[in-house]
Each structure stands twice: as structure tokens, then as C-alpha cells.
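For reference, the structure is listed below as C-alpha cells.
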Amino acid sequence: MKQFMELKQLKDHVFDGMSIMVGGFMAVGTPEALIDELVLLGTKDLTIICNDAGFIDRGVGKLIASGQVSHLIASHIGLNPMAGQLMSTGEMQVTLVPQGTLAERIRAGGAGLGGVLTPTGLGTIVEEGKQVLSVAGKPYLVEPAMRADLSLILAYEVDRFGNITYNKTTRNFNPVMATASDKVIALGRKLVDELNPDHVLTPHIFVDYVVMEVQHG
Amino acid sequence: MDKMAMKKLIAKRVAQEFSDGDVVNLGIGLPTLVADYIPHHVHVHLQSENGLIGLGPKPSEETYDPDITNAGGQPVTLKTGGMYFDSALSFAIIRGGHVDVTVLGSLQVDETGSLANWIIPGKMVPGMGGAMDLVTGSRKVIIAMTHTNKGRPKILKRCTLPLTAKNQVNMIVTEMGVLEVRTDGLHLMEYNPMFSIDDIVAATEATLIINNPKKMEVS
């Protein structure tokens with residue numbers, strides 16, 4: 001990790017037209033404070049990579065509602081009616097990717113792989129325009145690795161080195177996304193002196209900046 | 001039968017398909033109800049693709065934790081022995097054949113075991129979520145759904161909507177009966193005695209292979 005930073009410093013790390021991976025599953029595990037700041041900054045023409053479209057008032061849905069997203073790559077958009085509307089009017093491009101393929105493409109992006117071979121999507125429209133390879137007599141779709149300019153993730157405990165744990169089902173896409181972008185900013189919920197090295201889920205070498213969540217009340 | 005009675009009946013029948021120790025994924029909607037009817041002597045490990053195994057009942061006010069949800073985003077609890085994991089491991093579990101049974105709803109299923117449940121072009125585009133991976137990787141795929149949609153058959157010779165996967169469905173449970181997809185076609189294994197075989201044939205577009213079906217347990 002390079003350093004802890006204030007939320008306001010997010011402006012130094014974003015630019016119009018960039019691609020951003022955002023952790024979370026139906027907004028559970030999404031770093032809401034970082035999303036709110038990005039909405040305030042008004043950064044435009046974003047490609048957002050996230051499991052889903054969130055809700056109009058939660059998760060990446062807030063960026064969609066504010067018109068900042070030109071391309072959404074997700075597995076599901078059903079809980080955010082605005083995402084469906086913007087897709088049908090052509091105001092936002094939506095690329096739907098099977099959830100397991102999305103996770104694995106991101107993992108490959110962080111792991112130095114060119115992509116993955118998966119049986120998921122064979123014989124469906126997901127296969128269209130893709131290469132099919134046969135390995136040991138079985139067909140697989142070639143799904144390319146995915147990376148982004150920035151990952152915004154939600155951590156739970158963070159130590160002073162930037163090692164991270166996650167809490168319960170907020171983990172979801174956060175650990176893989178922490179490996180697959182040029183820059184990684186984590187929102188931490190609890191600052192601790194030390195973490196048991198065996199309990200670290202994202203090693204600090206993947207994390208560039210940590211913003212600690214302001215505790216309310 | 002009203003809609004809720006149908007759903008309960010379907011959920012009850014699906015719950016009889018599990019064996020002790022099975023890892024089971026239940027989809028959103030009707031399949032979620034199945035958890036309420038699993039026989040007490042059968043212990044299954046419920047997996048949720050957002051990253052947990054050991055799904056417990058709905059939380060009370062005291063046990064509610066916004067950081068524990070199922071794949072439908074609803075608050076849930078975790079049983080003792082359960083655990084959390086990330087999305088990449090979750091789908092390694094799913095695609096890797098470590099889920100014994102997946103239960104999901106569908107818009108259409110056909111006699112070759114293909115299913116369509118993620119898009120109605122021009123009308124509804126929610127996305128496939130984890131469904132494509134679940135039906136491709138799970139050892140057994142059970143479709144739990146009402147037999148028809150406003151009187152129109154959902155069990156077809158060939159799906160007309162874009163597919164979720166080809167030839168992956170093993171069993172279909174509806175309020176009318178239990179069907180199995182086999183290499184020679186779609187078999188009617190059990191029928192609900194509230195309906196005649198003719199009723200079932202009439203409500204099904206697919207060709208049914210009917211060879212002494214049993215009465216469905218509908219207690």
C-alpha cells in the first residue's frame with residue numbers, strides 16, 4: 001500500500017472515460033462512500049464493471065442514475081429499472097456476462113492470464129462472436145481476461161500496511177477486483193494494529209490507497 | 001389450485017429430491033421456498049452464489065446482519081459450520097461440479113433439457129446472473145415452475161426464447177407432475193391426481209413419454 005488518503009483525494013485518481021471495477025453484489029459489499037464521492041465529482045463516460053446494476057439509490061446504481069456510466073459490464077441489471085431503460089434507449093451500453101465468467105475473467109486479469117476456457121454459455125447467445133476451443137474432447141468458450149484502470153473495493157479490517165479482511169457476504173467480487181486494476185482504492189471499515197497473517201484475504205501489495213470510513217453516531 | 005398452493009406443492013416435491021450431505025443451490029422465487037420443506041432427517045448444505053455455504057433461516061430482529069445476504073439480496077443467517085468465500089471460489093464450486101443439485105425457475109424448458117429463463121427480447125432483460133454457470137456446472141438441475149403461463153405451455157418441443165443453457169435440465173417439477181429428461185425424451189414420472197393425464201398432455205407442448213407414471217405425493 002502506498003498510503004491512507006482522505007475521501008476528497010479521490011479526485012486525483014479519476015478521469016473521464018476511465019474503466020472502474022466496483023465490488024459488491026446487489027450493493028452488499030459496495031464501497032458506498034467512494035461511489036458517493038464519484039457522483040459528486042461527476043466523472044463522465046465511465047465503463048463500470050460490477051456484478052449487477054445495484055439499485056437506483058444504492059451501489060453503482062447511483063452512478064447510472066446520475067448519467068455517468070456509458071458502458072456497464074455486469075451479470076444482472078434486473079433490480080435497477082433505470083439501467084434497463086438507459087439500455088433500451090441506447091444511452092448506456094450494457095454487456096451482460098455470466099456471473100462466474102465475470103469473476104473468472106477478472107481473476108485472470110489479475111493473474112497474468114490471457115483468459116479462461118469455460119463451458120458456461122455454450123449454445124447460447126453468449127457464444128456469439130467467440131472462439132470455441134476443444135480440450136480433451138470437450139468444447140469451451142474462450143473468454144478474455146478483464147482489467148480496469150481503477151478498482152473500488154469495500155474492506156472490513158485494514159491494518160497499517162493495507163492488509164485487508166472482508167466481512168461475511170460483503171466479500172463477493174472485492175478480492176478478485178483488488179488484483180485486476182492499475183490502481184486499487186479500498187474503503188476500510190475498521191482500522192486495526194495488526195491482523196493475523198493467516199486471516200489476510202487481500203495482501204497489502206495489491207492495495208494502493210485506503211480511505212477509512214467515517215463512523216457515524 | 002391457487003398460485004400459493006401450487007408453489008407449496010412444487011416446493012414440497014422438490015425437497016424430496018435431496019440426499020443427506022448434498023450441496024444445494026436454490027434460485028430466487030419459488031425455489032427459495034424449497035428450503036422450508038426439506039425433511040428433518042436430510043441435512044443439506046445450502047449454497048448461495050454471492051458467497052456462502054450454510055444458509056440458515058431468515059434472521060430475527062436480533063440476528064439481523066446487513067452484511068449477510070443471499071443471492072437475491074435478502075437478509076439471511078449462517079448456520080454453524082457455514083462459511084463465506086469470494087465470487088471466484090463460489091463459481092469454482094458451481095462450475096467445478098461441487099454443487100449436487102441446483103433448483104431454479106424457468107420461462108421455458110424443452111424436451112432436450114434446454115432452458116430459457118434470462119431474457120425476453122424487447123421486453124425484459126434482467127441478465128443471466130449466475131444461472132448459466134449453475135445449470136452448466138451442477139450435477140443435477142431441477143426446474144421448479146408452474147406448468148403453464150396464463151394457460152400457455154412452458155414445456156416445449158424447442159425453446160423459442162434465447163437459451164440459458166443447452167441440454168442441462170434433468171428434472172422438471174410442476175403442480176401437474178414430475179418430468180425427467182432422458183436421452184430418449186421427456187418422461188412423465190409422476191402426476192398430480194388432481195389432474196388427468198390428458199390434462200397434462202394438453203398443457204404440455206413437448207412430446208411426453210408416458211409409461212405407468214406414479215401418483216405424485218401431494219400431502
Item to check | Amide hydrogen neighbours beyond the local backbone of B:Val23, cut-off 5 Å, H modeled | outcome: B:His45, B:Asp100, B:Val101
Checklist outcome for this item: Rounded to the nearest whole number, the Stokes-Einstein translational diffusion coefficient of chain A at 25 °C and 0.890 mPa s (Kirkwood radius, C-alpha pairs) in µm²/s is 139 µm²/s
Checklist outcome for this item: Sorted by chain and then number, the residues having a modelled amide H within less than 5 Å of the amide H of B:Gly177, at least 5 places away or on another chain, are B:Asn192
Checklist entry - Counting other C-beta atoms within 10 Å, which of A:Arg189, B:Arg152, B:Arg139 has the fewest, and how do the rest follow? => result B:Arg152, B:Arg139, A:Arg189
Checklist entry - Taking Cα atoms of the range B:3-215, Rg/Rh with Kirkwood Rh, to two decimals? => result 0.97
Checklist entry - Please state the Cα pair-distance histogram of the range A:27-105 with 5 angstrom bins from zero: what percent is in each bin? => result 3, 18, 29, 27, 16, 6, 0
Checklist entry - Which semi-axis lengths, in whole Å and largest first, follow from the square roots of five times the eigenvalues of the Cα gyration tensor of the range A:177-217? => result 19, 16, 7
Item to check | Leading residue at positive end of dipole, the range B:3-215 (Cβ point charges), from B:Gly51, B:Gly127, B:Gly97 | outcome: B:Gly127
Item to check | Within a Gaussian network of chain A (alpha carbon springs, distance under 10 Å), most fluctuating of A:Gly100, A:Gly115, A:Gly24 | outcome: A:Gly100
Item to check | Karplus-derived HN-Hα couplings along the range A:102-108 (A = 6.51, B = -1.76, C = 1.60, θ = phi - 60°), whole Hz, x at Gly and Pro | outcome: 4, 4, 6, 5, 5, 4, 4
Checklist outcome for this item: In whole angstrom, the spacing between the Cα centers of the range A:13-40 and the range B:48-75 equals 24 Å
Checklist outcome for this item: When B:Thr183, B:Thr146, B:Thr102 are ranked with the fewest other C-beta atoms within 10 Å first, the list becomes B:Thr183, B:Thr146, B:Thr102
Checklist entry - So who's got an amide H within less than 5 Å of the one on A:Gly115, skipping anything under 5 residues away but keeping other chains? H placed 1.01 Å off N, in plane. => result A:Ala145
Next on the checklist: What is the angle, in °, between the Cα long axis of helix A:32-41 and the longest principal axis of the Cα atoms in chain A? Nearest 10 is fine, range 0 to 90.
Outcome noted: 90 degrees
Checklist entry - Using alpha-carbon pairs under 8 Å, 6+ residues apart, how would you state the relative contact order of chain A in percent? => result 23 percent
Next on the checklist: Using each residue's phi in the range B:52-69, evaluate 6.51 cos²θ - 1.76 cosθ + 1.60 at θ = phi - 60° and report the 3J(HN,Hα) Karplus result to the nearest Hz, with x for Gly and Pro.
Outcome noted: 8, 10, x, 4, x, x, 4, x, 8, 4, 6, 8, 4, 9, x, 8, 10, 10
Checklist entry - In the Gaussian network model of chain A, springs joining C-alpha atoms below 10 Å, which of A:Ala178, A:Ala53, A:Ala65 carries the largest mean-square fluctuation? => result A:Ala65
Item to check | Cut-off 15 Å between beta-carbons: net charge of the residues surrounding B:Leu107, Lys and Arg +1, Asp and Glu -1 | outcome: +3
Item to check | Highest-fluctuation residue, A:Gln99, A:Gln85, A:Gln68 considered, GNM on chain A with Cα pairs under 10 Å | outcome: A:Gln85
Checklist entry - Using alpha-carbon pairs under 8 Å, 6+ residues apart, how would you state the relative contact order of the range B:3-215 in percent? => result 18 percent
Item to check | Rule-of-thumb Rg ratio for the protein assembly as shown [Cα; 2.2 N^0.38 Å; N residues] | outcome: 1.02
Next on the checklist: Nearest 5 percent is fine: what portion of the DSSP beta bridges confined to the protein assembly as shown is antiparallel?
Outcome noted: 40 percent
Next on the checklist: With 10 angstrom as the radius, rank B:Ser114, A:Ser75 by how many other C-beta atoms surround their C-beta, starting from the fewest.
Outcome noted: B:Ser114, A:Ser75
Next on the checklist: Taking the 0 to 90 degree range and rounding to the nearest ten, how far is the long axis of helix B:3-15 tilted relative to the main principal axis of chain B, both from C-alpha atoms?
Outcome noted: 70 degrees
Next on the checklist: Report for the range B:3-215 the percent antiparallel among DSSP-assigned beta bridges with both residues inside it, nearest 5.
Outcome noted: 50 percent
Item to check | Under the Karplus curve 6.51 cos²θ - 1.76 cosθ + 1.60, θ = phi - 60°, whole-Hz ³J(HN,Hα) for the range B:74-89, x wherever Gly or Pro sits | outcome: 8, x, 9, 10, 10, 6, 4, x, x, 7, 10, 8, 7, 5, 5, 5
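Each value in this text was obtained by applying a stated rule to the coordinates, not by laboratory testing. For clarity, every value in this text was computed on a predicted model and none was experimentally measured. Positions of Cβ are backbone-derived with ideal geometry, glycine not excepted, and every protein chain shown enters the neighbour counts.
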